[in-house]
Structures are given as C-alpha cells and as structure tokens.
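Undergrad: The structure is given below, and queries will be raised subsequently.
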Amino acid sequence: MCGIVGYVGRQSAVDILLEGLTNLEYRGYDSAGIAVNVEGLVELYKAEGKLQNLKDVVAQKRSHIEKSTIGIGHIRWATHGAPTTNNAHPHSCNCGKVAVVHNGIIENYKELREKLEKNGCTFRSQTDTETVAHLVASKYAQVKDLTEAVRLATKELEGAYALCVIHQDVKNTIVATRRNAPLLVGIGEGEYYLASDVPAIIQHTKKAMYINDNEIVTLTPDTMNYIDASKNVLQPKIEMLPWEPVALSKMGYKHFMLKEIHEQPDVVRNVLSGKLRAKDENIVLDEVTLDKETLKNLNRIQIVACGTSLHAAMIGKYIIEDFCGIAVDVEPSSEYIYRKTITDKNTLVIGVSQSGETADTITAVRQAKNNGSHILIVTNRPDSTMAREADSLIPVNAGIEVSVAATKSYMAQVISFYLLAIYMAEAKSGVGVDSLTSSDANWLNELKHELIVLPQKIEEVLAHKEDIQACAKKFSNSKDFIFIARGINFPTALEGALKLKEISYINATGYTAGELKHGPIAMLDESMPVLSVLMQGKVYEKILSNSEEAKARNARMIALTNSSDPKLNDLFEAIIRIPESNELISPILAIVPLQLLAYYIAEFLGKDVDQPRNLAKSVTVE
Ligand code: M6R
C-alpha cells in the first residue's frame, strides 16, 4: 500500500525516482509525485491517476528537473482524502521548503492539524501526511537541525509511518524514519537510496540496511548518520538483498500475473528444496523451533491471515487436523484482533502473509505473542515486519510477486502447509505424543511422493492453457459466477472466486456445495455459470449430486475435474481436466486452472490485470 523511493548522490535523481516508483506501482497506483531540489529550491511534481500521468508532467520540464541529484518519490493508495493531485505526496509546509513522503496512517492527525492551523499553518490537502510536513517545518524553525526536527516531530505522531523528508535549507540531505511501516536504505558508491520495498532499488544496489522502528537515518551522498529515538548512535547492519533484478521483468509474458502463474512448477521445486529430500526422510524445517515441550503440550492452533493467504490457511487447517489430530481455527486477522481470543502458551499461532506487512495480521500475531503463544510466520518475505515477530519461520520462497492478484505465493503457502503438517505429524511422533503406525508412515510417504512429482503435473495443467482460454472466452460475458466445492477444495472455490472478482470485477462467490440448496440456489438460472470443483475422493459423488441440482435450475455448468468419467459430458457444458492425484493433494493442482480462468476472462474484458482497480499489493493499514 503506497510506495516510497528516495535518492541522494551524484547522479540525476529523476529517473531513479520514476523507475523506483514504476517498480512499486503494484503497491498502489491512484496518484504519484516526486520532490527534487533544483538549484537550491525544493520543487514538487504530482499527478493523479496512474504513474504515467506523473511521467508526462515530468517530461514537460525534464531538462530542468534532471539537474537535481536528490529527491523523494511516492506512489499512493488513498486512505485520507480522495486520489487527487492535491492529496498526492510529497506534501509541503507553508514556506514550501519541506517535502515529505509517507506510508502508513497518522492516527492523531486531526488534533495535530487543529493545533498547527491555530499556529498559522495553511493546509492544502485532506491527508494525514500534510501534518507531518508542517510539524517538521515548525520543529526545524526551532532547532535548525533536520534530523532533530524529524525526531521531535515523530514524538508527537501516533500511528504507523515510514517517512522521508528533505528541506531546502539542508542541502543534499534526506532524513528517514519509520514505525510499523517498512523502510530500507540501499547503499551505493557515493550515493544512498531509500525504499519502502526492495523492487524500488534492486536495479541499483543489493547492499542494504533495514531501518527498525523509531530509528532515524540521515543520508548525504557520502555519509549515513544512524540513531535511535534517544539519539544513541547505532551501527548499521548491512546485508545483501536476496533478489535479482530479473524478477521484475515480465520475461515476454503479457502480464506479471501470467508469468507468475507459469512460475509455479519452479516455485514448488524451490519450496520443497532442502525441506523434502526423499519420501522416506523426515521433513526438515530449519527455522521452526517448536521444542519437545511445546509440541507435547500443544492444545490448539490458530491461524490468522487475510485474502488469498486466508484461503491457504484454510487448507492448512484441513491437513493439520487430518495429519496431526490437533484442533485448528482459522480466522481473518481483522476479526481476530477485535474479540477475546482464547490463547495461551500451549496455543501455536500461525500468521500467513505473502508480504509480511499486512497490518491486521501483524496486529493479530502481536496480540497472540503478548498472550505467550509461540508465533510461527509463513511468509514470502523473511525480511518483513511480520517475520521479525516470529518464534518460528517458514519462508515460502516464491520469489517476488508483482501482480496484485496473488498466485504463486498462494501455491508456495499451500505447499508450505503440507510440509508443516507432515513435519508436525513426524515431530509429534518423535516426542511420543502420537506414534505413527507403519500404515500412517507409509501414507505420509505416499503424500511426500505426490508432492515431489507435483511440478510435472502443474506443467501438464499449464500445457493445456488453451482449453482454459477457450472456456474463459465462452463465459467472459457473465455478470455473476458461482464456484462450488466441498471438503479440502472448499478453499479452492473461495480462491477461484476471489481471483475472478478481483481482476475481472465479475461478482463471483464460492460456496460449499452442500450449502447451495440452503439459499444460493435461488440465484440460479440460465445466465448463471456454476463451476464445480469435482475431485475424485470422498466427496466426489456428493458434489456431483449438487451439480445435478444446479443443472436442474438451468445453471450453466462447468466442471473442474480429475475424473475421466464420460458421463460428465452430459451434465457439464464445459470441462476443465487436470491430472489425477490424491484427493488431499488435489487443491494444489485445482487452483492453477482457476487462476488461468480468471486471468483469461479479465484479459478478454480488457481489464488492467496486474493492477486491478481499488486494490494494492500489500495492505499496511487496518
Ligand atoms: O500480503 P498478504 O498475503 O498478507 O496479503 C493478504 C491479502 O491482502 C492478499 O492476499 C489479497 O487478497 C490479494 N490481492 C489476493 O490476490
């Protein structure tokens, strides 16, 4: 949600800023802006709408703006105030000397604004961020030191923020700080970069330092001054970023989403690598630190997550309960944090998040941590805020995901849950909680084998994408869509529906097939497509009957199935076939055609697949 980039050095800043914003555009894209210092004057350039609009504004004065070797930039996902040019960042103060970009929410901005207005500040936007610009300016007027002005200003701020500040009177200097919103410094030769996320700077440097909460960095081309909120000098902890710039290229695909769907066989290989070595060897999860005592006393597991990660968590519940016999609750983080949750030191709380920056999930795991629970984080970003809360970590290794619609990260999360469930079953038997009988052990080994051969099966699904494209074309004019499934594939139905609605804006809903006749069946007629996730196993016949019921109400039936039963041809108008697998593994294969179906429908409809309206890649506000 929103993106920040900053540069101070010897090169012209403008292209570095615009390129950084381009690589962050997936995080928010309803307005953008930069602040530069040209020949001693701070200048702001802003535009509402897509980043291209800002690029057009900059192009008109390029030869002038190019002279600046310092700048800060921002791409916005509006929270306070509409996505207009006035509300776009950077924001400034009365005298125009300060420029501020901000991610997060200043919760006490109304009180601050009232106070500042009484002191003569004139506000030009409806944002919470503008208060920071005025506040820093007023502190600077008192102390004549930009670092100290920022430090004093942040003492008055409540809420979450990543901030970059420049001041006209403090040449070649950016001051940056954060609280509950990510920010990192990229280190070059005679230059520094700032970014809210790695993609903004990975083209320029892999050497970086993450800023922690309440720390302040002051950067000039040749110096980095690094202090905490009490002005103690800190030693920078510099690390090499594990990302390759090529991850930000579409590699010939029309959209990042399509590229990321196709990366899934390799994602599965990556997730399994080093963790599942052979079917008769125990799973290795190096960063899971559940000790014998915790495992023995574990009485329940709670999983918190949002959106697509929530659907991966629902599959996690199913298999952990099935493999380990421990009760698992799954809850959207945004609900979990506003009720009395029964957690203690014998509860394992698992937070699942692609970005590791989702505000609700961070709050939920912190809440559970305060209650003494062991916190396990399943995330694609081991460098994230959430990962830092972890007692145990499962980095899912999906690689950077640019498209707003999560695909390969879902795959990696789901695979990680299979590894965790098998790991826990093996570990529990190792500490004598539940001993695995030889048939249990054989059965787990069979599942491990199925996981090992999964990448080839996913490749098979992808090889038939033209069939899915044809199906997408056939149904692309539908106004609504229903997905039905049962058991372990119910989350597949939910995720298929979420993918479709978020990128095509078609009203799509997932139901447990058994619930259809308890209400939703009223919506069925000849205009309604109903997609049945029909996997061989214990609920196959049940879903078939539910599909018959839907067909009897004239719904347009689509099957997603691993059955070759010819009878299906009479019931279904379209059939998407996937390779056979154990029912417990089937959600991993079943999701791929649903991702492709959503993709192709959105593409037929001419939607902005990678940057759907109103959404942002990581939701860092509650
Ligand atoms: O980064 P997270 O996994 O915590 O994000 C959670 C949701 O915001 C995310 O999954 C969202 O639903 C995606 N747009 C789904 O495609």
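The values are calculated or read from the model by the stated rules, or taken from the named source; none is laboratory data. No experiment lies behind these values; they were computed from the predicted model shown. Cβ coordinates were reconstructed from backbone atoms using ideal geometry, including for glycine residues, and neighbour counts include every protein chain displayed.
Undergrad: Restricting attention to the stretch 185-221, which residues are in a strand (DSSP E or B) and β-branched (V, I, T)?
TA: Within the stretch 185-221, V185, I187, I216, V217, T218 meet the criteria.
Undergrad: If you don't mind, there's one more thing I want to ask. Checking the conditions here, which among L571, L594 is within 16 Å of the ligand (Cβ to nearest atom) and under 22 Å from G487 (Cβ atoms)?
TA: None of the other options fit; the residue is L594.
Undergrad: Going residue by residue through the stretch 241-258, is there one that turns out to be in contact with a strand residue (DSSP E or B) (Cβ under 7 Å, 6 or more places away or on another chain) and under 30 Å from Y7 (Cβ atoms)?
TA: Yes: one or more hits.
Undergrad: What number of residues within the stretch 149-167 satisfy the criterion of being assigned to a loop (DSSP other than H, G, I, E, B) and either touching a Gly at 6+ places or on another chain (Cβ under 7 Å) or closer than 15 Å to H102 by Cα (or both)?
TA: 2
Undergrad: Separate question: Criterion first (of a type in the set (D, E, K, R), in contact (Cβ under 8 Å) with a residue 40 or more places away in the chain, touching a Leu at 6+ places or on another chain (Cβ under 7 Å) and part of a loop (DSSP other than H, G, I, E, B)) does K275 satisfy it?
TA: Answer is yes for this residue.
Undergrad: Follow-up question, since we're still on this one. If you scan the stretch 399-425, which residues turn out to be in a loop (DSSP other than H, G, I, E, B) and within 11 Å of the ligand (Cβ to nearest atom)?
TA: Within the stretch 399-425, E401, S403, V404, A405, A406, T407 qualify.
Undergrad: Considering the stretch 369-383 alone, what residues qualify as being within 12 Å of the ligand (Cβ to nearest atom) and farther than 19 Å from Y336 by Cβ?
TA: Correct list: N380, R381.
Undergrad: Also: Checking G430 against (1) under 12 Å from the mean Cα position of the chain (by Cα); (2) modelled with pLDDT under 95, only one condition comes out false. Which one?
TA: (1)
Undergrad: Let me ask something additional. Out of (1) outside any loop (DSSP other than H, G, I, E, B); (2) crowded, with 23+ Cβ neighbours inside 10 Å, what's the single condition that is false for P182?
TA: Tallying (1) outside any loop (DSSP other than H, G, I, E, B); (2) crowded, with 23+ Cβ neighbours inside 10 Å, P182 fails exactly one: (1).
Undergrad: While we're looking at this one, here's another question. Among (1) more than 34 Å from the chain's Cα centre (by Cα); (2) at pLDDT 95 or above; (3) surrounded by fewer than 23 Cβ atoms within 10 Å (Cβ to Cβ), there is one condition K517 misses while meeting the rest; what is its number?
TA: K517 satisfies all of (1) more than 34 Å from the chain's Cα centre (by Cα); (2) at pLDDT 95 or above; (3) surrounded by fewer than 23 Cβ atoms within 10 Å (Cβ to Cβ) except (2).
Undergrad: Continuing with this model, one more query. Given (1) within 24 Å of I187 (Cα to Cα); (2) free of Cβ contacts under 8 Å to residues at least 24 places away in the same chain; (3) of a type in the set (F, W, Y), where does Y45 come up short, assuming only one miss?
TA: (1)
Undergrad: Can E603 be described as under 17 Å from V404 (Cβ atoms) and surrounded by fewer than 22 Cβ atoms within 10 Å (Cβ to Cβ)?
TA: Here the answer is yes, as E603 does meet what is asked.
Undergrad: For the stretch 541-556, which positions are touching a residue at least 24 places away in the same chain (Cβ under 8 Å) and assigned to a helix (DSSP H, G or I)?
TA: The answer is K542, I543, L544, N546, S547, E549, A550.
Undergrad: Just for strands (runs of 3 or more DSSP E) wholly inside the stretch 1-94: which have at least 3 residues that are of a type outside the set (F, W, Y), crowded, with 22+ Cβ neighbours inside 10 Å and in contact with a Phe, Trp or Tyr (Cβ under 7 Å, 6 or more places away or on another chain)?
TA: The strands (runs of 3 or more DSSP E) meeting that bar are 70-76.
Undergrad: Could you tell me which of the residues L560, L584, L531, L500 is assigned to a helix (DSSP H, G or I) and either modelled with pLDDT under 95 or buried (at least 18 other Cβ atoms within 10 Å of the Cβ) (or both)?
TA: Just one listed residue meets the conditions, L500.
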